[in-house]
Each structure stands twice: as structure tokens, then as C-alpha cells.
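Reviewing the structure listed below.
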Amino acid sequence: MGIAAAGALPSGRPVCLDDWLAEPWPEAPEAAPLLAARAQPAAPRPLIRRPRLMGILNLTPDSFSDGGRLPTVAAAVRAAGRMLAQGADLLDLGGQSTRPGAAEVGGEEETARVLPALAAIRAAHPEAILSVDTFRAPVAAAALAAGADWINDVSGGRRDPEILRVAAEARCPYVLMHSRGDSGSMDALALYGDVVAEVRRELLEATECALAAGIRAERLIWDPGLGFAKTTPHNLTLLGRLGELAAEGFPLLIGPSRKRFIGAVLQEPRPRARLWGTAAVCVQAIGAGAAILRVHDVGPIAQTIRMAVALRDSAEA
């Protein structure tokens, strides 16, 4: 797949980020509009009529809550179709678990896990927005060539800086997430004075690297990295002060789904039983201006988003 024209995804489909985020719900189910370039980040941003929903498709045997649940390409295609039907605006495919303590499998194995499912989902759902969840440049490049539209990098370019060049050349949206260390070291690096100020500063530093590599500011999306080198109090503080990150003008992606800080608050050790805690976090994030929510349980969270936005709009009327 060649480099996309300006204002288009790698697949060549035309897009506009601010328009995409400002759209209300359609009158009837339809394929999600597609995302790409936007105007230079500036505050205040246009009102996000409805936050977009990113469905998680883990193609791994060891992810923290759903590892091994999609053992075949056919199972991944079925799960993708179900999420899209339930209201997912885009899907995030990953072949490397990034949970604390996860073993790293290497680029070849990660690519082998992701590409067959990605190609099959693209064939079955040609208008879907597909994101590849990887910190490795070769995996990202191969996924874009196979039909991916976004790169979602949990390391924000730290682990493999070449991924920034891949994103720049592809002219695709790039999710730049805050994290420290890797799966083996992140917990020991959860040391902050002011977690919001330090996350903001480190995101800005990573953003400068992304811009220097050629990624346009209008294609950057920030993720504060809930659970990555952060304790439960750190995560709660970040959620309570998301507005300070939103003020920088970049769309915010929030990924709270089933995470252990929710389990800690609810005293719920079972990740799959943390749905309503996840829903509560999503409502908080919507109130703070989050643009995209990344979740496992698309159907219930789609209903949560719709209700939260209706209440917000009623209060503003």
C-alpha cells in the first residue's frame, strides 16, 4: 500500500478529524466516517458531539483479561463484526500483551499474530477504521500495508523511534501514549511528584519528537496511559484532572477498560467483572472532554456514552 494522499488514511479514503468528532449519532446504523487530518491543535476545540468508541481485539494468548479468546482468524472476524454492530467506531488489533509482567514475543511473532486477522477483517469490513496496537516500527509498517489506518503506540515512540517515521510517511493518525519502561519495569517507575504535571510534560516531550520525525500535529492523539507506570491513586488523579491534558488541544484517548485500578477500588479481582467500574470511568472521561474511549465491552459502553452525552447536552441546552 502506498503513502496516502494528504487528508486521507493509508487506504485512501477521505477524512476530517474535527468534523468526525463533531458529528451527532446517525439516524440509523451506518459505517463510521473515517479519521485523518485536522487543524492545528488549539483550545477551545470544537464540541465533541459524541466520543468515539475503540473496540479492543487482543490477538494474544496472555492479555490480562481476554488472552486466548480469539484463537483463530475466523473468531477475530466474528468478534470484529459483533463490535462494529454494537457501535464501535474503530477497532484496535494487538499481538503483543503490554500488561505488567508480560513477556515480549518479538516482532516476527507479533506480526504473525496480527496480519492474518487484520487482512481478514479488512476484507470483511472494508469501511471499518482499523488500528494496530504496537510499539514496533516493522509491525506498524506491515499492518499499514495490510490495511490498517492508525498506529496506537503504548510507548509514544520511546521503544522504537523508527515508528515515528513510519507514521509520518503513512500520514496516518498516531496515538501517542504516556508510559515509562516496559512490561517488566513499569511498576517500579510509578514515581511522581505531581503525576498530572509530569505526564503532561512527558507527553509534550514525546510530541516534540513526533513532530521532528515529520508527524503533523493534526494527526496526533494523546493517551495518558492509565495503568502504565501508575498506581491506583495516580490513575484516579489523572482522571480527575484530565482537563489539564485536554487543554493542550490534542484529542484524548482514554483506555480504562477492566484495568486493575478499577479492581482495586471495587475490590474486584476478576477483570471481566469490572464493566460497571469501567463505565463510571468512561462517564468521567466524557465530562472532561475525552474524544475516544478504548474498551473491551463495546455494547454496554456504547449505551453508557449515549446516555452520558444526552445528559450533558440536556444540561447545556
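Computed from the coordinates by the stated procedures, all read-outs in this text should not be read as laboratory data. Just so we're clear, the structure is a prediction, and the values are computed from it rather than from any experiment. Please note: Cβ atoms are built from the backbone with ideal geometry, for glycine as well, and neighbour counts cover all protein chains shown.
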For a label point 7 Å along the Cα-to-beta-carbon line of S185, residues of segment 155-172 with backbone N under 20 Å: 155-164
Going residue by residue through segment 228-236, the Karplus relation 6.51 cos²θ - 1.76 cosθ + 1.60 with θ = phi - 60° gives ³J(HN,Hα) values, rounded to whole Hz and with x marking Gly or Pro, of 9, 6, 8, 7, 4, x, 4, 4, 5
How many nm is it between the label spots at E108 and A273, if each spot is 7 Å from the Cα in line with the beta carbon? 4.2 nm
Quick one: if the Förster radius is 25 Å, what FRET efficiency do A74 and A264 give, using the C-beta to C-beta distance and rounding to 0.05? 0.10
Counting only residues 5 or more places away or on other chains, whose amide H sits under 5 Å from the amide H of I129 once H atoms are built in the peptide plane? L91
Listed peptides 95-107, 162-174, 79-91 by packing density, highest first (mean Cβ within 10 Å): 162-174, 79-91, 95-107
Distance histogram for segment 144-239 (every C-alpha pair counted, 5 angstrom bins, percent rounded to whole numbers): 3, 14, 25, 22, 16, 12, 6, 2, 0
Quick one: what does P(r) look like for segment 43-316 with 10 Å bins over all Cα pairs, in whole %? 7, 31, 40, 20, 2, 0
Segment 186-317: Rg to Rh, with Rh as the Kirkwood radius over Cα pairs: 0.98
How much FRET efficiency would the formula 1/(1 + (r/R0)^6) give for A212 and A119, where r is the Cβ-Cβ distance and R0 is 25 Å, rounded to 0.05? 0.15
